[in-house]
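First comes the structure, then the notes that go with it.
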Amino acid sequence: MSRWAMPPRGRRTESLSKDAIVAAATEILDADGETALTFRALASRLDTGAGAIYWHVANKDELLAAATADAVDRTLAGVDDTDDPREALRLIAGRVFDTVDEHPWVATHLSRGLGQPGMVAVLDAIGRQVDALGVAPDRLFDTATALLSYVLGGAAQNAANARRHAQTGEVPSRTAALGQEADRWAAFDDERYPFVRAMASSLRDHDDREQFLAGVDLILAGIDAQDGPAVGRG
């Protein structure tokens, strides 16, 4: 079928919209990952023809960009209502962490470049709050992109770890996985790896999200050390 051809008669078209297409694509991505997202699978889920979908999105890359942008828009909703830029940045970071944990494919698509619509939205949200902290103009870009890299990298790593444990089935839970890894750390040679061995109990008991947000706090403390107390500090 030509991409411009009308879908066969009897197929559902009247309720088809780009929002419906994005929602169905998100369901496929969440369930089976990016490789499972094909226009044939999407058409089957929507009970329509592939041609009808092409009226709204030109190709898979555009569809992935739209699904990612939709997830990011929901992630950032209401962030600007927070008066304190530090709290806003922690809110953005925590929400991105949760979104990527729920939709690991979001991090994969965002990593494809700063020109992605979703990436632009996250960077802009972070950058506006960094600016509100009073960071010097000549350090705004470096500061905002450093925070962006930490947030996306940390969120993606957490999601990758969770996905790996779920796929292998080697351990019954995250707690058990941490316990096994902590046991390995505790058994390391104390002379060669003294720090890692000493951190075994911390690894066993830590919370991934709290650890992630602690990293955000360290970056914010670094901003304070460089630029001094600024707007919005409580």
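State all residues of region 185-200 that are assigned to a helix (DSSP H, G or I) and surrounded by 12 or more Cβ atoms within 10 Å (Cβ to Cβ); if no residue qualifies, say none.
Let us first name the residues in region 185-200 that are assigned to a helix (DSSP H, G or I), namely 185-186, 194-198, 200.
Within region 185-200, Trp185, Ala186, Val196, Arg197, Ala198, Ala200 qualify.
Within region 104-148, how many residues are surrounded by fewer than 16 Cβ atoms within 10 Å (Cβ to Cβ) and within 11 Å of the chain's Cα centre (by Cα)?
Residues that pass the stated criteria total 1.
Search region 206-234 for residues being assigned to a helix (DSSP H, G or I) and more than 24 Å from the chain's Cα centre (by Cα), and hand back the single one that is modelled with the lowest pLDDT. Spell out the reasoning first.
Here is the first cut: in region 206-234, the ones assigned to a helix (DSSP H, G or I) are 208-227.
Filter once more, so that each one left must be more than 24 Å from the chain's Cα centre (by Cα): 224-227.
Numbers: Asp224: 87, Ala225: 85, Gln226: 81, Asp227: 70.
The residue in question is Asp227.
For region 65-86, give me each residue that is in contact with a Lys or Arg (Cβ under 8 Å, 6 or more places away or on another chain), without any contact (Cβ under 8 Å) to a residue 60 or more places away in the chain and either crowded, with 19+ Cβ neighbours inside 10 Å or more than 18 Å from Val130 (Cβ to Cβ) (or both).
Once the filter is applied, which keeps residues that are in contact with a Lys or Arg (Cβ under 8 Å, 6 or more places away or on another chain), without any contact (Cβ under 8 Å) to a residue 60 or more places away in the chain and either crowded, with 19+ Cβ neighbours inside 10 Å or more than 18 Å from Val130 (Cβ to Cβ) (or both), region 65-86 yields Ala66, Thr75, Leu76.
Going by what's in this entry, would Asp101 be described as surrounded by fewer than 17 Cβ atoms within 10 Å (Cβ to Cβ), assigned to a helix (DSSP H, G or I) and not β-branched (Val, Ile, Thr)?
On the way: surrounded by fewer than 17 Cβ atoms within 10 Å (Cβ to Cβ): no; assigned to a helix (DSSP H, G or I): yes; not β-branched (Val, Ile, Thr): yes.
So Asp101 does not fit the description; no.
Which numbered condition trips up Asp47, out of (1) of a type in the set (Asp, Glu); (2) in contact (Cβ under 8 Å) with a residue 24 or more places away in the chain; (3) within 27 Å of Asn161 (Cβ to Cβ); (4) surrounded by fewer than 19 Cβ atoms within 10 Å (Cβ to Cβ)?
For Asp47, the failing item is (3).
Starting from residues that are modelled with pLDDT under 90 and of a type in the set (Lys, Arg), keep the ones in region 1-39 and report whichever is farthest from Val100 (Cα to Cα).
Of everything passing the filter in region 1-39, Arg9 is farthest from Val100 (Cα to Cα).
The values are calculated or read from the model by the stated rules, or taken from the named source; none is laboratory data. Just so it is clear, the model here is predicted, and its values are computed rather than measured. All Cβ positions, glycine included, derive from the backbone under ideal geometry; neighbour counts span all protein chains shown.
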